[in-house]
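Laboratory data are not the source of any read-out in this text; all were calculated from the coordinates shown. Predicted model only: the values in this text are computed from it and were never measured. All Cβ positions, even for glycine, are placed from backbone atoms using ideal geometry, and neighbour counts span all protein chains on display.
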Amino acid sequence: MKYDLIATSAMGLESIVAKEVRELGYECEVENSRITFKGDELAIARSNMWLRTADRVKIKAGEFKAYTFDELFEKTKAIPWEQFLPENAEFPVSGKSQKSKLFSVSDCQAIVKKAIVERLRSHYKKTSWFEENGPLFKVEVSLVKDVATLTIDTSGSGLHKRGYRVDQGEAPLKETLAAALVMLTNWTPERPFSDPFCGSGTIAIEAALIGQNIAPGFNREFVSESWDWIPSSVWDQARAEAEDLAKYDQPLDIVGSDIDHRMVKISEENAFEAGLGDLVSFKQMRVQDFNPKKDYGVIVSNPPYGERLGDRKAVEQMYKEMGKVLVPFDTWSVYIMTSNENFEKLYGKPATKKRKLFNGFIRTDYYQYWGKRPPRDNR
């Protein structure tokens, strides 16, 4: 069967998620925070396995205008839920509403739940309650400008949960955003890579996964693996493909450093958990001591922002020192994400390009300083 699929995305990352979907071989359309495409059961498995920057992969069960609760009930009931939900399915309903006449989320959830129950009761000839002791199907009703979209989540835990994070710092960067930061650069696996504010090592680890073309979902499970209409052979095929495409022999020069020795230890533990302990090295170091031995490297980092008033002066001083250290390395490309609007001035150089991104709910800019190209580099 072909399904209408949605890869959800953080604001600002839609074009990267869309590029990933197309690289998997699926035509797609880009909307705010979601990328829609069509695919079969294998597409569900492959997109969960491979999408580095998407939040989740959902099946769109139905979409329609709904101005009244009656309309919401009847149109939800008209959807062939029995194609997805077995008789013993556990199907909690969550919801959200924006700029819609039906703004009571709890009422919308209850109505959708009731409509699905009515549909399944009729199909399965049930007169008693549904046990709901079987596989999990998370249903969501999303109302935006009076259009109701009903989806079923195929991922389970968000796709940022790769399964390697043993520990983290107090302001962890989502793995999906870390991967996007790397994918927005000119880095290739042959070039040195550094993150001088590595925190729990997420950017460096994501760079290593990208460098060796390791599927980010390879070491985790997805909620749709328990659904009987997606055969286990489909998941076996998706994992076999991931294994075949991985480039485990690709040498990498990736270093993460941090002033805090505790974060360095956490980074090392996370890298080993990801199976990359021998590929990524971490060390305790101040950014002021950055002194690479190679040319044409790439720095990607998410340094402290100084969001708290007491931290601001120290952070701004650190940005100045960072500029003094990094600007002279003119063959290195530097990519820094921060919410500090004075970053270019403090760093001492205007960015080649900047891009608006959101780190959670914090609006940031991704400042890009392109270094000289390596010889015979036609990119």
The long-range amide H neighbours of Ser194, using H built 1.01 Å from N in the peptide plane and a cut-off of under 5 Å, are Val255, Val298, Ile299, Val300
For Glu190 and Asn32 in the same chain, what is the full-extension length gain: residue separation times 0.36 nm, less their Cα-Cα distance, in nm?
53.4 nm
On the formula 1/(1 + (r/R0)^6), with r taken between the Cβ atoms of Phe272 and Glu74 and R0 of 51 Å, the FRET efficiency rounded to 0.05 is 0.40
So what's the chain giving for Cα Rg divided by 2.2 N^0.38 Å, two decimals?
1.11
Highest GNM mean-square fluctuation, the chain, Cα pairs closer than 10 Å: which of Thr53, Thr188, Thr352?
Thr352
Trp229 versus Lys65, label points 7 Å from Cα toward the beta carbon: distance in nm?
2.9 nm
Segment 147-276, Rg to Rh (Cα coordinates; Rh as Kirkwood inverse mean 1/r):
1.02
Across the Cα atoms of segment 124-194, what radius of gyration and what greatest pairwise Cα-Cα distance (Dmax) are found, in Å?
20.4, 65
With r as the distance between the Cβ atoms of Phe358 and Val327 and R0 = 25 Å, compute the FRET efficiency 1/(1 + (r/R0)^6) and round to 0.05.
0.35
Selection of GluC sites (Glu not before Pro), segment 285-339, meeting DSSP coil and at most 13 other Cβ within 10 Å:
Glu307
When all C-alpha to C-alpha distances in segment 283-379 are sorted into bins of 5 Å, what percent of pairs does each bin hold, rounded to whole numbers?
3, 12, 23, 25, 19, 12, 6, 2, 1, 0
Could you work out the local net charge near Leu72, counting Lys and Arg as +1, Asp and Glu as -1, over the other residues with Cβ closer than 15 Å to its Cβ?
+1
Remind me, relative contact order of segment 294-379 in percent, using alpha carbon pairs under 8 angstrom and six or more residues apart?
32 percent
Of the cross-linked pairs Lys161/Lys353; Lys265/Lys324; Lys114/Lys138; Lys38/Lys114; Lys101/Lys126, which ones have a Cα-Cα span greater than 26 Å in the structure shown?
Lys161/Lys353; Lys265/Lys324; Lys38/Lys114; Lys101/Lys126
What are the ³J(HN,Hα) values, in whole Hz, obtained from phi via the Karplus relation 6.51 cos²θ - 1.76 cosθ + 1.60 with θ = phi - 60°, for each residue of segment 329-340 in sequence order, with x given for Gly and Pro?
7, 6, 8, 8, 9, 10, 10, 10, 9, 7, 8, 6
FRET efficiency for Val166 and Glu87, using Cβ-Cβ distance with R0 set to 45 Å, rounded to 0.05:
0.70
For Ile259 and Gln237 in one chain, what is 0.36 nm times their gap in residues minus the Cα-Cα distance, to one decimal in nm?
3.6 nm
Where does segment 324-368 land on Rg(C-alpha)/(2.2 N^0.38 Å)?
1.18
Where a ≥ b ≥ c are the square roots of the eigenvalues of the C-alpha gyration tensor, would you call segment 3-153 rounded, which needs a/c under 1.5, or, failing that, prolate if a/b is larger than b/c, or oblate?
oblate
Filtering chymotrypsin sites (Phe, Trp or Tyr not before Pro) in segment 192-230 by DSSP loop and by at most 13 other Cβ atoms within 10 Å leaves Trp229
